[in-house]
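The values are calculated or read from the model by the stated rules, or taken from the named source; none is laboratory data. Computed from a prediction, not measured in an experiment: that's the story for all the values here. Ideal geometry is used to build each Cβ from the backbone, glycine not excepted, and the neighbour counts take in all protein chains shown. Each accessible area value is taken on the protein alone, full model and side chains, heavy atoms only, with ligands, DNA and RNA left out. Shrake-Rupley method; radii C 1.70, N 1.55, O 1.52, S 1.80 Å.
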Amino acid sequence: MARFLEVTVAVTVVLAAVIFQVNCGFFRLKRVGHAKVLGFDWKNCGQPDAPAVLKTLTVSPDPINIPGSLTAAASGSTSVELTAPLSLNVTLEKEVAGFWVRVPCVEDLGSCHYKDICDILNQLIPPGQDCPEPLHTYGMPCHCPFKAASYSLPQSEFYLPYIDLPYWLTNGKYRVQGDLGGGGKELGCLKLSLSIHSD
C-alpha cells in the first residue's frame, strides 16, 4: 500500500473522527442507534500529474451498517515523499431540495482547512504507539513522513462502532472533497459521495 494510501486511510480515520466523533456541543450531537451508508463512491480529482493517487478502493457491503462490519481493499501510489506539514482542505456538501449546499466549518466540523494532518495523526495515534489495524498487521506506518512508493492493502475487515452524529448529518446525501497539499503544491485530491440514513 502506498504511503499516500496510508495517508488516505489515516485521513479517512481523521475525517471520521472529526465528522462523526468530535464532541461538538454546537451541533447537538445525538446518539444514533442504527445508521446505514449507501451508494458509497469515489474518484480522484487532482491534476493529471498529481503525485499522490488512489488507484483502487472497494468497500462492501452496500449498504454499510453502523454499527457493523465492512470489508475494504485499496491500492495507491505517491511519486514524492509526503512530509510535514501536510495540509488538508475539506469541502463538505449536503443535498437540500435538489441543490448542493456547502456546509461551513464550525469547531473543526464541515468544510474546514487543516494546517497539518501529520500533527493530527500524532494526536490521534501518539508516536510510539502501535498503528491501528489493519495497518499494524501489514507493517505499515501511520505517521509522517510517508516515503514515495506503490502499495496495496489486501481485503480487510473493519468494525464500525456506535457513533454520535450532529443533527444535520443524520440523514441525507453528501459529497466530500479532500485536497492534500504540501510545500505550496497540490499533492492529491479525492472525492467521496454517499448517503446516510439513520434511526
Of all residues in the stretch 106-121, how many are open to solvent by less than 60 Å² (accessible area, probe 1.4 Å) and either under 23 Å from L187 (Cα atoms) or of a type outside the set (V, I, T) (or both)? 10
Going residue by residue through the stretch 98-111, is there one that turns out to be of a type in the set (G, A, S) and part of a strand (DSSP E or B)? no
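Based on what the data block shows, is E93 under 17 Å from the mean Cα position of the chain (by Cα), of a type outside the set (S, T, N, Q) and exposed (fewer than 14 other Cβ atoms within 10 Å of the Cβ)? Please lay out each step first, then the result.
On the way: under 17 Å from the mean Cα position of the chain (by Cα): yes; of a type outside the set (S, T, N, Q): yes; exposed (fewer than 14 other Cβ atoms within 10 Å of the Cβ): no.
No, not satisfied.
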Please state which one of L160, L169, L190, L124 is in contact with a strand residue (DSSP E or B) (Cβ under 9 Å, 6 or more places away or on another chain), under 21 Å from N89 (Cβ atoms) and open to solvent by 20 Å² or more (accessible area, probe 1.4 Å). L190
So how many residues does the stretch 151-199 have that are more than 19 Å from P63 (Cβ to Cβ), assigned to a strand (DSSP E or B) and not polar (S, T, N, Q)? 16
Please count how many residues of the stretch 62-83 are aliphatic (A, V, I, L, M) and loosely packed, with under 15 Cβ neighbours inside 10 Å. 0
In the stretch 112-121, how many are closer than 24 Å to D164 by Cα and either touching a strand residue (DSSP E or B) at 6+ places or on another chain (Cβ under 8 Å) or part of a strand (DSSP E or B) (or both)? 5
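Only one residue in H143, H136 is open to solvent by 20 Å² or more (accessible area, probe 1.4 Å), part of a loop (DSSP other than H, G, I, E, B) and touching a Leu at 6+ places or on another chain (Cβ under 8 Å). Which one?
Working: H136 fails: touching a Leu at 6+ places or on another chain (Cβ under 8 Å).
H143 is the lone residue from the list that is open to solvent by 20 Å² or more (accessible area, probe 1.4 Å), part of a loop (DSSP other than H, G, I, E, B) and touching a Leu at 6+ places or on another chain (Cβ under 8 Å).
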